[in-house]
Amino acid sequence: MKGSSFFVLAVILAAVDILVPYLWLADRSSFAASFLFWCFLTLAVIVGAWIHTRNWGKNP
Amino acid sequence: MKPLYVMLAMVVWTAIAGAIAIMARRGMGKGAAEFFIGGRRLKGFVSGMTYAATTYSAFMLVGLVGLTYKSGIGALGFEMTYLIFTVLFLLVFGPRFWLAGQRFQHITPPELLGNRYENRWVAVLAAVLSFVMLIPYASVQLMGAGLLVSGLSRGEISFMTGVLVMAGLSGFSAMWAGMRSVSWTDAFQAMTMLVTSLAALFYMFYAFYGSPGAFFVTIQAENPDLLRFTWEPAYFIGLTLPWAFFALTNPQVSQRLFVPDRVISLKRMILYFSAFGFIYTIISTLFGLQAANLFPGLENPDRAMPHLLTQAPPLLGLIIFVGIFAAASSTLGSIILTLGSLFSRDVVKHLKPDLSEQGETWVGQGAMLILLAICIYFAWLRPGMIAVLSSMASGGLLVMAPTIIGAFFWHRASAAGALCSMLVGGIATAGLYLTQYYPLGWWPPVWGLGLTTLLFFGVSLMTQPPQKAAQFISDLEEDLRKEGFFFSTSD
């Protein structure tokens, strides 16, 4: 991953990771709120990592 | 639980892990790189598991369970945020560390910094910061083992017995064959951690609730407050910020980016670790919710998991105990090995450049013994301040983040900027922790990172960058292309 893509992605992820639970999910007392949000966000990042690294090591 | 069972579990566990460490020495070559980073020949699975076992300490099944018990789902957010940023940092910095290690034959992260900034004092300062911050953190692992053993046996096995058994196992594992024995035992310990905790979680589901589904329904009905995100923003950010940068700033994990044998192993290391972290975090959080539902009102939340253990059948209790013991032991062994390599490579080697490779290994092993003795002494003292010092570890190491990021991405980054930011930032952050002074309610890492970043940019702009800084960065970019790291869907 190039540096510029990384910095943009890091800022977006940090904003989503913090703002969504605080603004929309904080008061919901259900597993289908903050719990599920953080699980899905992390899973999305891991799946993204898998897609991103699929061609690592193959000659361009 | 009967002390005999606890003692037997410890002995059997130590014997198995010790045997694995002994086997790991077979086929080991000579030289410092061979000892400290396994000769850069580790495969993907072992690399991923040693990364996971080093990262996830006893904190997960004791501290995180307690945090969930006390404050609910915010604990999951804290730990998942750590994992998200670790994966992101591994994708970006993993290839760069790995390639720099291959190109320049680096063995320790401070050595990489010293080379990039063309200043040996950058390496020395990074190593010293690591000693100051990580020794208390390593001592906490020993204290955790002592408390667990004495608690489980209701005081019949002494605190110091647990401390000494763990110190013996971790020290042996680190000194016998260096990274090879540590990584092999780590892989075994990581699988133990995962399997035992998963088995215990499902046992609890069926024993106390009837099924996993019934557990979720019960928690929503009886403990709805725990599912609300009630953490203050300053608390959440203050706690999470240092951990978000953990992959970069903690040398015991960043050193592991040097160990995979080829690109595919590095890729597998990142993916296996990510999957491990995701599952283990959810398990730990669910244990916390179970404990809160089953045993409300415990005065000390950190007692939640040990309390849960006492309710389990003896065999299951012992299995979880071994899992926690494994988590602490693997983290301790890795820290000791890394600090030994830092002392040998970044401190002694700088003072005595003609030190032979064999001499480096001996110095590292000697340093490990001394470090272990210091950690045992700390654990024996059981100072109240150790908790503060331990939490200071991640916050204190955060001051290295701008220097590490700048090394790879900003050719204007200078040695003076790196030295000034780490020194002043480190002292300021430690000062805030020790005085427990949180200006405007924000935690020391927030101020520390802000100050460090300002100093790093300001001083770098006012001073000359190293002559070959731009070349260092462009060479690595070229290597990234050659090795196929940019041949991916998002670049």
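Computed over chain B, the per-residue total of -39500 (n - 2.57) for DSSP H runs of n ≥ 4 gives a 222 nm mean residue ellipticity of -25000 deg cm²/dmol, rounded to 500.
Buried accessible area for the A:B pair, summed, 1.4 Å probe, in Å² rounded to 100? It comes to approximately 4200 Å² buried between A and B. Pairs with C-alpha atoms separated by more than 28 Å, drawn from the list B:LYS352/B:LYS482; A:LYS2/A:LYS58; B:LYS30/B:LYS349; B:LYS267/B:LYS352, are B:LYS352/B:LYS482; B:LYS267/B:LYS352. Computed from the C-beta positions of B:MET462 and B:PHE45 and an R0 of 56 Å, the FRET efficiency is 0.75 to the nearest 0.05. Of the trypsin sites (Lys or Arg not before Pro) found in the stretch B:1-51, the ones in coil according to DSSP and having at most 16 other Cβ atoms within 10 Å of their Cβ are B:ARG25, B:ARG26, B:LYS30. Potential lengthening of the chain between B:THR230 and B:PHE104 amounts to 40.6 nm, from the contour at 0.36 nm per residue minus the alpha-carbon distance. When you filter the chymotrypsin sites (Phe, Trp or Tyr not before Pro) in the stretch B:392-491 for DSSP loop state and at most 14 other Cβ atoms inside 10 Å of their Cβ, you are left with B:TYR437. Scoring B:119-132, B:412-425 by mean Cβ neighbours within 10 Å over their residues and listing the highest first yields B:412-425, B:119-132.
Along the stretch B:399-414 the Karplus relation, 6.51 cos²θ - 1.76 cosθ + 1.60 evaluated at θ = phi - 60°, assigns HN-Hα couplings of 5, 7, 4, x, 5, 6, 5, x, 4, 9, 10, 9, 6, 7, 4, 10 Hz to successive residues, with x for each Gly and Pro. 3J(HN,Hα) along the stretch B:203-209, derived from phi through the Karplus expression 6.51 cos²θ - 1.76 cosθ + 1.60 where θ = phi - 60°, amounts to 4, 4, 4, 7, 6, 9, 10 Hz, with x in place of Gly and Pro. In summary, the convex hull built on the alpha carbon positions of the stretch B:168-259 has an orientation-averaged projected area of 9.3 nm². Using a simple spin-label model with pseudo-atoms 7 Å out from Cα toward Cβ, B:GLU156 and B:TRP121 lie 5.9 nm apart. At a threshold of 30 Å², the residues of the stretch B:64-96 that become less accessible to a 1.4 Å probe in the full protein assembly than in their chain on its own are B:ILE73, B:LEU76, B:MET80, B:ILE84, B:PHE85, B:VAL87, B:LEU88, B:LEU91, B:VAL92. Taking the Cα centre of the stretch B:3-382 as origin and assigning +1 to Lys and Arg Cβ atoms and -1 to Asp and Glu Cβ atoms, the resulting dipole is close to 1000 debye. If the segment from A:TRP50 to A:VAL16 were pulled out straight at 0.36 nm per residue, it would be longer than the present Cα-Cα gap by 10.2 nm. Across the accessible surface of chain B, with the other protein chains kept in place and a 1.4 Å probe, carbon and sulfur atoms take up 67 percent. Per residue, the solvent-accessible area of the stretch B:421-466 (1.4 Å probe, heavy atoms of protein chains only, all protein chains present) comes to 52 Å². The stretch between B:LEU315 and B:ARG25, if pulled fully straight at 0.36 nm per residue, gains 101.2 nm over its current Cα-Cα span. Computed with a 1.4 Å probe over protein heavy atoms only, the accessible surface of the stretch B:48-205 comes to 23 Å² per residue. Per-residue ellipticity at 222 nm, computed for chain A from helices alone with -39500 (n - 2.57) per DSSP H run of at least four residues, works out to -21500 deg cm²/dmol.
Across the accessible surface of the stretch A:3-53, with the other protein chains kept in place and a 1.4 Å probe, carbon and sulfur atoms take up 81 percent. Model label points for A:SER30 and B:GLN358, set 7 angstrom from Cα along the Cα-to-Cβ axis, are 6.9 nm apart.
Less than 5 angstrom separates the built amide H of B:LEU42 from those of B:ASP261, all sequence-distant by 5 or more or on a different chain. Computed over protein heavy atoms with a 1.4 Å probe, the accessible surface of the stretch B:246-303 works out to 26 Å² per residue.
The values are calculated or read from the model by the stated rules, or taken from the named source; none is laboratory data. Since the structure is predicted, the reported quantities are computational estimates derived from the model, not experimental observations. Neighbour counts run over all protein chains shown; Cβ positions are idealised from the backbone, glycine included. Please note that ligands, DNA and RNA were not included when accessible areas were found on the heavy atoms of the full protein model with its side chains. Shrake-Rupley method; radii C 1.70, N 1.55, O 1.52, S 1.80 Å.
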